[in-house]
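The structure appears right after this line, and notes come after that.
The values are calculated or read from the model by the stated rules, or taken from the named source; none is laboratory data. Bear in mind that the values here come from a model prediction, so they are computed numbers and not experimental data. Ideal geometry is used to build each Cβ from the backbone, glycine not excepted, and the neighbour counts take in all protein chains shown.
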Amino acid sequence: MVGAVPNMRADFRADRTPSGLRARALRAGLISALVPLSLTLVQCGKAPNPAALAANSQANVQVVAKTNPQQVANADTFEDRFPAPQFKERFPSASESFLQRQMSDFSPKRAVQAPQPEQAPYKVASLAPQVPYQRPEREDLTTLVSMKSSAFPYFGNNPASDAPFLNIAKGDRRGHRSYSGRVYWQDETYSDSRVLVHVPEHFDVRKPGVIVVFFHGNGATLERDVRDRQLVPRQITDSGANAILLAPQMAVDAADSSAGKFWQAGGFKRFMEESANHLARLTGDPNSVRTFANMPIVIVGYSGGFLPTAWSLEVGGISDRVRGVVLLDAVYGEMDKFASWIESHRSGFFVSSYTRYTARRDRELMSMLRQKGISVSEDMDGPLRPGSVVFVETGDGITHRDYVTRAWTRDPLKDVLVKMSATPSLALTRVASTNPAASSR
């Protein structure tokens, strides 16, 4: 222990010799060179920090300046290697401009596709010869269409007397004397061939549907009474049924129930055939003529409309297409024709609603049917089914004039169509004949 101290002092004194001083300077140089290298290795894989980079460069300059002043004089300074940006490098001159960029320049670029070769024309492959029908958008359509097969003008005989219908002449003018003795002239009362046609907005010819034929009563016109007062088109639409209305003009504003061309054998058939062409045109699908020509029919007769209804059933030629008959205070006669159709068409339905004015004849018709073994109902509370026969008596507060809009219920025509549509067996998807002999009637 005593000899240890002198040895340490000896080493200390040895370091102060010229050779010791050189060794110390060499160690200092090595340390100064290795420090930046170690920092670089530590930051391996990372972007260099500009502040650290500048500090390390300045430290190297100071170390070298102590060991080799001449090298420092010839070396680049930090400012030489990293000059500060000038104003002209940040902003363009008067003759230069920035490159303008749009947002599309930064969106992903889509590969440019080569132009496709022009394809050959092609046809739509279909089981049908035409492209499938698409119903055009439209609103309710209510219009008047002139038809040659409508009730008037009529120049044939009156089947009740087998005499000419126009049985009065005054010069060149011809007319008809009615049962009441009043004369109606042909040019005023029996020359209107128009038919009121109503197609609801929701009607679709591609779905099962029905054509409602409405025979108005005495003293009526299509516009004033059938359309505006009795609201028959509106009742068709409000029912929601897939139904179309046809209402031929009978005797114009006259107390006359004459049936005109509907008296003739096949007259009703000709009327429905001509109507099919008009309906196809009005609904915008000329290819639907056959559909309309086979669509089931419901006949509605109000008041004096009983006469064309009865004769259309008896001699019209298409009684099998008639799937329903509705009489609104209209049984003034022809009970045998109504009873015959009911008996031979048990797949259809029959409804007669009446006031005290026609009660006697309605009860007579009920008796005729019961004698034939046909069940009769006397209320409209139940559903309409194939073979339904319904008679409904209405109270004293119900007037004959308003019967089309208020009978056993408000809007009775609407009620019939709703009950008919709600019965699957009366969906009217096809016409089924229950009596082969009836098709020739």
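Below, the figures for the structure above:
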item	result
Among the residues listed as 283, 309, the single one being in contact with a Leu (Cβ under 9 Å, 6 or more places away or on another chain) and buried (at least 24 other Cβ atoms within 10 Å of the Cβ)	309
Only listed residue being under 39 Å from the mean Cα position of the chain (by Cα) and part of a loop (DSSP other than H, G, I, E, B), chosen from 387, 305, 301, 395	387
Odd one out for residue 405 among (1) under 15 Å from residue 326 (Cα atoms); (2) free of Cβ contacts under 8 Å to residues at least 24 places away in the same chain	(2)
Exclusive hit being in contact (Cβ under 8 Å) with a residue 40 or more places away in the chain and in contact with a Ser or Thr (Cβ under 7 Å, 6 or more places away or on another chain), set 284, 304, 317	304
Considering residues of region 389-417 that are surrounded by 15 or more Cβ atoms within 10 Å (Cβ to Cβ) and either among the acidic types (Asp, Glu) or modelled with pLDDT under 95 (or both) only, the residue nearest to residue 330 (Cα to Cα)	393
Flag if residue 303 is assigned by TED's automatic domain parsing to the domain that holds residue 191, touching an Asp or Glu at 6+ places or on another chain (Cβ under 7 Å), within 24 Å of residue 418 (Cβ to Cβ) and of a type outside the set (Asp, Glu)	yes
Candidate set: region 189-204, residues that are touching a Phe, Trp or Tyr at 6+ places or on another chain (Cβ under 9 Å) and of a type outside the set (S, T, N, Q); chosen: the one surrounded by the most Cβ atoms within 10 Å (Cβ to Cβ)	190
Residue list for region 342-357, restricted to those being of a type in the set (Ser, Thr, Tyr), modelled with pLDDT of 95 or more and not in a helix (DSSP H, G or I)	352, 353, 354, 355
Residue match in region 229-245 (condition: of a type in the set (D, E, K, R), within 14 Å of residue 210 (Cα to Cα) and touching a residue at least 12 places away in the same chain (Cβ under 8 Å))	no
Residue under evaluation residue 224, criteria (1) charged (D, E, K, R); (2) under 20 Å from residue 312 (Cβ atoms); (3) modelled with pLDDT of 95 or more, criterion not met	(2)
Residue selected from region 210-220 under the condition crowded, with 19+ Cβ neighbours inside 10 Å and of a type outside the set (Phe, Trp, Tyr), by the criterion nearest to the chain's Cα centre (by Cα)	210
Residue among 355, 291 that alone is buried (at least 18 other Cβ atoms within 10 Å of the Cβ), assigned by TED's automatic domain parsing to the domain that holds residue 270, under 42 Å from the mean Cα position of the chain (by Cα) and among the hydroxyl-bearing types (Ser, Thr, Tyr)	355
Residue ranges of strands (runs of 3 or more DSSP E) in region 179-227 with at least 1 members in contact with a Leu (Cβ under 7 Å, 6 or more places away or on another chain) and more than 25 Å from residue 148 (Cβ to Cβ)	none
Residue 239 under 17 Å from residue 420 (Cα atoms), crowded, with 19+ Cβ neighbours inside 10 Å and not basic (Lys, Arg)	yes
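Yes/no per residue for (1) closer than 25 Å to residue 270 by Cβ; (2) in contact with a Gly (Cβ under 8 Å, 6 or more places away or on another chain); (3) modelled with pLDDT under 95:
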{"residue": "174", "(1), (2), (3)": "yes, no, no"}
{"residue": "179", "(1), (2), (3)": "no, no, yes"}
{"residue": "183", "(1), (2), (3)": "no, yes, no"}
{"residue": "190", "(1), (2), (3)": "yes, yes, no"}
{"residue": "194", "(1), (2), (3)": "yes, no, no"}
{"residue": "199", "(1), (2), (3)": "yes, no, no"}
{"residue": "204", "(1), (2), (3)": "no, no, no"}
{"residue": "211", "(1), (2), (3)": "yes, no, no"}
{"residue": "216", "(1), (2), (3)": "yes, yes, no"}
